[in-house]
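The values are calculated or read from the model by the stated rules, or taken from the named source; none is laboratory data. The model shown is predicted, which means the values in this text are computed figures rather than measured ones. Note that we place each Cβ from the backbone using ideal geometry, even for glycine, and neighbour counts take in every protein chain shown. For accessibility, only protein heavy atoms count, side chains too; no ligands or nucleic acids. Shrake-Rupley method; radii C 1.70, N 1.55, O 1.52, S 1.80 Å.
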Amino acid sequence: VYRFKGEIRTALNKYEEALRVSRTLELHPGRASILSNIGYSHYLLSEYDRAIDYLNRALLLNREFSNRAGEAITMLKLGVTYRALLQMEVGREHCRHALVLSQAVGDPMIEASALDALAEIEQHSGNLIKARELSELSLTVVESVRRKAVRRDLQATLLGFKRVYYLRQIDILMASHGANPTEGFNAEAFQISERARARSLVEMLTEARVDIRQGVDPVLLEREHSVQQRLNAKEQERLKLLNGTPSGEQKAAAEGEIRDLLTEYQELQAKIRIASPGYAALTQPQPLGLREIQQQVLDKDTLLLEYALGAERSYLFAVTKDSLSTYELPKRSGVEDKARQVLELMTARNQRVTFEEPGQWKARVAKADAEFAKAAADLSRIILAPAAHLLSKKRLLVVADGALQYIPFAAIPSPQPAKGKVNGPKAILKVGASSSAAIPLGVRYEIVSIPSASALAVLRRELARRSPARRAVAVLADPVFGKDDERVKSLVHPPQTIAEGKSGQPRVEEGAAKDEDGGQASPDSHVGSIADFQMRRSAQESGILKFDRLRFTRHEAERIAALVPRSESKKALDFAANRETATTPVLSQYRIVHFATHGLLNSVHPELSGLVFSLVNEKGEPQDGFLRLHDIYNLNLPAELVVLSACKTGLGKEIKGEGLIGLTRGFMYAGAKNVVVSLWDVNDAATAELMAQFYRGMLKKKMRPAAALRAAQLSLKKEKRWSAPYYWAGFQIQGEYR
């Protein structure tokens, strides 16, 4: 665990402790694994001589016990160590031996690793043709294993864990492009980038039109139902236990049983998928190639910017309707460090400091704003300046990678060619150093984020099969989160006023909830069910303590509904903003569905992400108000637009290769053409104004969602109190730009 966290010295200490313990036991194969791990830790620390010593000792033990799989792994580690020492021939022989052994014992993951290591050796030796062949073989093996893992979470994790193989292929192809610029290797590299990131969502979108439970053995479906009942029963037992004084062991045992049942439930769903005639009929959809993306996804006014961040170097693919340009960028760590700095400075307003006075808050925010201008300019220089000469379109379609997925490109300043330089691929470029000189991209361009170009093409094909919904907009807002809410007693919403404090922080008077909702979850014991357990667990893992009432969302809902005739809208407030309303088939009759409530984005267990609706009824009795990601996948919501006006709804778990597995993917699977999400804890007052203008643009001016969002953001930016990017740039649109 420490090794995977990057704490190699600590990991090495633990391995050495394990080795000392093993010496008190009889000789056994486990000692070989310990020696191998110690050797690999020394390799990671660039202590190659010590690495080779321990790995050779492990090799002897593996051979003594005829552990051929262990021998293969150790051989592979020796191979990469000799490669690091630039002893290419010795490294090559060890990796070849590991490959033969892995094939003999039938371990495809060792085989894929050996092929990848050989590809890297050939690349460093200048044998690019051989390197490409070996790298492609490693990808074939990984994808073969992945297809057999029908659990979606395992598929995504496997693809993310082995994404380094895709990046290796991209790197090799780009090196080949440098040597032979006219052979189209950069187009192949772009297709590998699509292959690396698009697969799971493309398959899910294809599967969405198939009822995978139809024709499945009823016994299997009954087992699924049985596990659900056992989950509920175990949760009831756990709640009773917590009402007493359980020991740590009792509490851990109860939660362990629930965790095991959750795993069993996921595996049953995987078996249902395997047994489904509908699922079996699906082909494995392949990501599109360059020409197909240019024909099916792009138009003459759109530039696609797709990023692939690698350990040694990164790449930007800039694609238009009739061209492909590729650029080498700095390594992943450099790009991501700058992106995180930009995000932290941009969101300084919602970062709480204990005992901070208003004057201190104002000074801290002013300092962050000043530093943001330079940091954002630096990021623009890194990720945009190389393609500045192509930024003449009116729309940017962004496929981000890594930490770039958390950055609103609309707030990043546009790069400008230096004076006196030719505007071309090799132009020397700079970005305005001051905030006054830097023009945000959102001022010049309409910006749409997508998970991949291939996913957009599949989504577009699915959209072509359906007719638009008859009614305009449905809004769910201002849910009731606890029995202490005044609406439980009076059922009357008290009036409120909005003011602005001296520090510039908006506040809500008359005892209202804080303006800047922190996305906090209630620790109250709600309904004793597996849904409630999952909601509270997700809240805890998301670092959330209490669900505050979102008073501004009521005003937001009223302004949106007022833009269309009453017969064209549905407005569910207070207790009506509940899970039953959110899952009713009636919502499929509306072109726009707007959820103004708290969102839980769980980075530990992304399957427990969801939206929180009313947790009590009119009598204050607890009820299930948690709409989980699994529930969202099962919705039938063929909306033109789903808006998640909540906090952090855009941030799911980053599994490399699949992007952010968040609520946006769930709503796309459910049928949404576009999804608007927030990238951080949004400001309630600013959001209410932004949403009012956004909907006015769509419903009154008949603007496309992407254009309407841009217009609303620019309008907010012009107001002095909302001019900072924190207030207007937090929402982004994902999906179909047309």
So which aspartates and glutamates can residue 234 reach, going by Cα to Cα under 15 Å and dropping same-chain residues fewer than 8 places off? 255, 257, 260, 264, 532
Mind checking the per residue accessible area of region 1-114 for me, 1.4 Å probe, whole number of Å²? 51 Å²
Do the alpha carbons of any pairs in 5/546; 321/702; 483/571; 321/701; 5/717 sit beyond 32 Å of each other, and which pairs? 5/717
Residues with beta-carbon under 15 Å from that of residue 17, excluding residue 17: net charge, scoring Lys, Arg +1 and Asp, Glu -1? +4
Of the accessible area of region 1-160, with the probe set at 1.4 angstrom, what percent is carbon plus sulfur? 54 percent
Region 547-633 accessible area per residue, 1.4 Å probe, protein heavy atoms, integer Å², reads 35 Å²
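Do any GluC sites (Glu not before Pro) in region 1-109 lie in a DSSP loop with no more than 13 other beta carbon atoms within 10 Å, and if so, which?
Working: sites: 7, 16, 17, 26, 47, 64, 71, 89, 93; in loops: 7, 26, 47.
Answer in residue order: 7, 26.
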Can you tally the net charge around residue 736? Count Lys and Arg as +1, Asp and Glu as -1, for every other residue whose Cβ sits under 10 Å from the Cβ of residue 736. +3
For region 450-492, which whole percent of the accessible surface, found with a 1.4 angstrom probe, sits on carbon and sulfur atoms? 52 percent
Accessible solvent surface per residue of region 317-391, calculated while the other protein chains remain in place, 1.4 angstrom probe, Å²: 47 Å²
Accessible carbon and sulfur surface of region 545-601 relative to its total accessible area, %, 1.4 Å: 49 percent
For region 41-153, size of Cβ-based charge dipole, Lys and Arg +1, Asp and Glu -1, in debye: 360 debye
